[in-house]
Amino acid sequence: MKAGKKMKIAVIGGGAAGMMFSTQYKKANPNDEVFVFEKSQYVAWAGCPTPYYIADELSFNDVVLGTPEDFIKRGVNVKILHKVTNIDFKNKTLTVEGNEINGAFEYDRLIIAVGAKSFVPNINGYSENLENVFTLSHAEHAVKIKEYINENKDKIKKAVVVGAGFIGLETAEAFNRKDMEVTIVEKSDKIFPTVSENLKSEIYESIEKYGIALKLNSGVNEIVSENNIAKSVQLDNGESIDFDIALFSIGITPNIDFISSELKTENGKIVVNDKFETNLPDVYAVGDCIFNKFYHTDRNLYAPFGDVANKHGMLLAKYLSGQNISWKGLLRSFATSFYDIKLAQTGLSLEEAQSLGYNAEKIEMRAMYKNSGFKDSFPIKTEIIYDKDKKVLLGGAMVGKEAVAQFIDQIAIVITLETPIEKFIEIDFAYSPTNASVWNPLLVTYRKVIK
């Protein structure tokens, strides 16, 4: 590009990554044009809060964080209900279907932020036309699920959730809060496979406590329906489960079916470097459609999380505005909950660390987030993984009722900074009986490792 030339930036996708990039880039480059093409009617939507919106614990404004008009006022040309059907990378043009722009659209730089869609394998009887079978990977899906429940609340007594990942488990809770009889069907023999079975026992107990049936080692072979209303699922062990509403939450996959093979992908994810550059000139990709790197390694890691997408958008905006940034990757930090039981993890499990050649060991403890004498104080089951040779942390996981994500964040920080365990004693943690324990989990780690 010639210096000083007015740039036309095209962004495909108005989710977290696309809108974060667009607003930050426009703020830094007010003379450039930024066009966002979003095929749905919503922009700036967040997927993680959707189960709680379905459960009436969060409002719609907690799921969709801004209107197209909000962003148009900030100088971003937002085009909702505009679908990009083809990209001509050589001639730098998009084929767009919409009421305002319909046909070819030229760009100088292209940002692919198309997100991901729910993955449903080939199951006999499955159809997107079934009125009471849903997926949940977009705000539109959450609205449809909630509308269906509200319109048929007197008829919906039983729910099936296929898949026991984050969204599956959280939506099972939402259905349960709606007084439905809920069954979770999971093909694997466990939930959250990177977390040890010892830590997950409280989640299993809570699932049972709230009357939810969890069927592990169970795949779905067939959906039986009548007049576009599904009636039951047939499992691969021959069992049949009746339901009035079902959610398939088996997993998600990048929404890149319309993109030609010129763009380099691996296992269905777009491959980018630490500047979010693809293999094609002036083409960048961010959000749930790309592979990340596991921090400090060359291992590919798929991490379709809202906070990650926002970071992508912000950093790419900085890079294309002339700042020298690089995306180092992720530790796969996550947190989730089922009713009052919270689970969080970061970094490597013990098995992963040992398989990668680390001389790794596990420390087990019960952490406290306040003085144990308080009636509402409950211990947090904790496992911390460390390298015995380098004396640094590699990962950690916790299950409890409070402060779990906050403690895991502390572990993520010391892993990222490669802080030696011997330095933990120098960290000045806050303490009071009502807010924190004398012995932070990192201090307990110090006591157990540094003899």
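The values are calculated or read from the model by the stated rules, or taken from the named source; none is laboratory data. Not measured: the values here are computed from a predicted model. All Cβ positions, even for glycine, are placed from backbone atoms using ideal geometry, and neighbour counts span all protein chains on display. Only protein heavy atoms, including side chains, enter the accessible area calculation; ligands, DNA and RNA are left aside. Shrake-Rupley method; radii C 1.70, N 1.55, O 1.52, S 1.80 Å.
A compact table of results
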| quantity | calculated |
| --- | --- |
| Test: residue in the range 404-413 that is open to solvent by 70 Å² or more (accessible area, probe 1.4 Å), at pLDDT 95 or above, of a type outside the set (A, V, I, L, M, F, W, C) and outside any loop (DSSP other than H, G, I, E, B) | yes |
| Neighbours by Cβ (under 9 Å, 6+ apart or cross-chain): first from the range 27-53, within 28 Å of Glu97 (Cα to Cα); second open to solvent by 50 Å² or more (accessible area, probe 1.4 Å) and among the acidic types (Asp, Glu) | Lys39/Glu97; Ser40/Glu140; Gln41/Glu140; Tyr42/Glu140; Val43/Asp70; Ala44/Asp70; Trp45/Glu140; Ala46/Asp62 |
| Within the range 286-310, considering residues that are touching a residue at least 40 places away in the same chain (Cβ under 8 Å) and part of a helix (DSSP H, G or I), the one most open to solvent (accessible area, probe 1.4 Å) | Asn310 |
| Residue in the range 175-188 that is open to solvent by less than 10 Å² (accessible area, probe 1.4 Å), closer than 24 Å to Asp56 by Cβ and either polar (S, T, N, Q) or in a helix (DSSP H, G or I) (or both) present | yes |
| Hits in the range 263-285 - residues which are open to solvent by 50 Å² or more (accessible area, probe 1.4 Å), assigned to a loop (DSSP other than H, G, I, E, B) and either closer than 14 Å to Ser326 by Cβ or small (Gly, Ala, Ser) (or both) | Asn273, Asp274 |
| Of all residues in the range 415-451 being of a type in the set (Val, Ile, Thr) and open to solvent by less than 10 Å² (accessible area, probe 1.4 Å), the one that is nearest to Ile363 (Cα to Cα) | Thr445 |
| Subset of the range 297-338 (residues that are more than 30 Å from Glu202 (Cβ to Cβ) and β-branched (Val, Ile, Thr)) | Thr297, Ile325 |
| So Ala360, is it in contact with a Pro (Cβ under 8 Å, 6 or more places away or on another chain) and either open to solvent by less than 70 Å² (accessible area, probe 1.4 Å) or not β-branched (Val, Ile, Thr) (or both) | no |
| Residue match in the range 110-121 (condition: at negative phi and more than 25 Å from the chain's Cα centre (by Cα)) | no |
| Among residues of the range 323-348, those that are in a loop (DSSP other than H, G, I, E, B) and touching a Gly at 6+ places or on another chain (Cβ under 6 Å), counted | 2 |
| Failed item, numbered, when Thr171 is tested on (1) β-branched (Val, Ile, Thr); (2) open to solvent by less than 10 Å² (accessible area, probe 1.4 Å); (3) modelled with pLDDT under 95 | (3) |
| Number of positions in the range 98-123 that are over 30 Å from Gly168 (Cβ atoms), loosely packed, with under 15 Cβ neighbours inside 10 Å and either touching a residue at least 24 places away in the same chain (Cβ under 8 Å) or of a type in the set (D, E, K, R) (or both) | 2 |
| Flag if Gly322 is open to solvent by 20 Å² or more (accessible area, probe 1.4 Å), on the phi > 0 side of the Ramachandran plot and in contact with a helix residue (DSSP H, G or I) (Cβ under 9 Å, 6 or more places away or on another chain) | yes |
| Selection status of Glu352, surrounded by fewer than 23 Cβ atoms within 10 Å (Cβ to Cβ) and modelled with pLDDT under 95 | yes |
| Selection from the range 1-34 of residues that are buried (at least 24 other Cβ atoms within 10 Å of the Cβ) and either touching a His at 6+ places or on another chain (Cβ under 8 Å) or closer than 17 Å to Gly115 by Cβ (or both) | Ala10, Val11, Ile12, Gly13, Gly14, Gly15, Ala16, Ala17, Gly18, Met19, Phe21, Ser22 |
| Subset tally (residues that are closer than 19 Å to Gly115 by Cβ and either touching a Phe, Trp or Tyr at 6+ places or on another chain (Cβ under 7 Å) or among the charged types (D, E, K, R) (or both)) for the range 35-59 | 4 |
| Contacts under 8 angstrom Cβ, first residue in the range 369-394 being farther than 20 Å from Ala405 by Cα and open to solvent by 20 Å² or more (accessible area, probe 1.4 Å), partner part of a loop (DSSP other than H, G, I, E, B) and of a type in the set (A, V, I, L, M), 6 or more apart | Lys391/Ile450 |
| Residue, farthest from Pro49 (Cα to Cα), within the range 325-357, restricted to residues that are in contact with a helix residue (DSSP H, G or I) (Cβ under 9 Å, 6 or more places away or on another chain) and among the hydroxyl-bearing types (Ser, Thr, Tyr) | Ser326 |
| Unmet criterion (only one of (1) at pLDDT 95 or above; (2) in a loop (DSSP other than H, G, I, E, B); (3) closer than 18 Å to Gly313 by Cβ; (4) not aliphatic (A, V, I, L, M)) for Asp56 | (3) |
| Count of the range 156-168 residues which are open to solvent by 10 Å² or more (accessible area, probe 1.4 Å), over 12 Å from Ile145 (Cβ atoms) and in a helix (DSSP H, G or I) | 1 |
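Here's the yes/no breakdown for (1) assigned to a helix (DSSP H, G or I); (2) under 20 Å from the mean Cα position of the chain (by Cα); (3) closer than 24 Å to Tyr284 by Cα:
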residue: Gly18; (1), (2), (3): yes, yes, yes
residue: Lys26; (1), (2), (3): yes, no, yes
residue: Asn31; (1), (2), (3): no, no, yes
residue: Ser40; (1), (2), (3): no, yes, yes
residue: Arg74; (1), (2), (3): no, no, yes
residue: Thr85; (1), (2), (3): no, no, yes
residue: Leu94; (1), (2), (3): no, no, yes
